[in-house]
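Below is one structure, written out as structure tokens, with a few remarks after it.
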Amino acid sequence: MAKPNKKGPTQTVEIFCAKCRELLYKYRKGGKGALIKCFKERIVTDYTTAPCTCPKCGQIFARDTLVRGAPAYKFAGGKVTMK
């Protein structure tokens, strides 16, 4: 299987906690689809203190996994939003 493109897209989106609206990541997302996973190499700015946990409300919003051989966070449904 092919790995994701390292340079990736240039458009950045902001990922927020759905519960408390705290900013979690700035991420280079490709395409128009829903936010299902987040490749670690495409994260521009990480505002979390512990991986996959909201710094404000403490909610666990994702799990650490490998997607196509690359480390990524797989988001739980409805736990994050993006702008």
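The values are calculated or read from the model by the stated rules, or taken from the named source; none is laboratory data. Computed from a predicted model, the values in this text were never measured in an experiment. Note: ideal-geometry Cβ built from the backbone for every residue, glycine included; neighbour counts use all protein chains shown.
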Residues of the range 4-15 that turn out to be in contact with a Phe, Trp or Tyr (Cβ under 9 Å, 6 or more places away or on another chain) and either on the phi < 0 side of the Ramachandran plot or at pLDDT 95 or above (or both), as a count: 5
Residues (under 14 Å from L24 (Cα atoms), small (G, A, S) and surrounded by 12 or more Cβ atoms within 10 Å (Cβ to Cβ)) located in the range 44-75: A62
When the range 51-79 is checked residue by residue, the ones that are over 11 Å from the mean Cα position of the chain (by Cα), part of a strand (DSSP E or B), under 11 Å from F39 (Cβ atoms) and of a type outside the set (S, T, Y) are L66, V67, A70, P71
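Let's see how each residue does on (1) more than 11 Å from the chain's Cα centre (by Cα); (2) of a type in the set (D, E, K, R); (3) part of a loop (DSSP other than H, G, I, E, B):
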site	(1), (2), (3)
K19	yes, yes, yes
Y27	no, no, no
G30	yes, no, yes
L35	no, no, yes
V44	no, no, no
T49	yes, no, yes
Condition test on R28, is it among the basic types (K, R) and touching a helix residue (DSSP H, G or I) at 6+ places or on another chain (Cβ under 9 Å)? yes
Report the residue count in the range 60-78 for those that are charged (D, E, K, R) and either at pLDDT below 95 or touching a Ser or Thr at 6+ places or on another chain (Cβ under 6 Å) (or both). 2
May I ask you to list pairs of residues, at least six apart or on different chains, whose Cβ atoms are under 7 Å apart, with the first in the range 54-65 being under 15 Å from E22 (Cα atoms) and the second being surrounded by 14 or more Cβ atoms within 10 Å (Cβ to Cβ) and of a type in the set (S, T, N, Q)? P55/T48; I60/T53
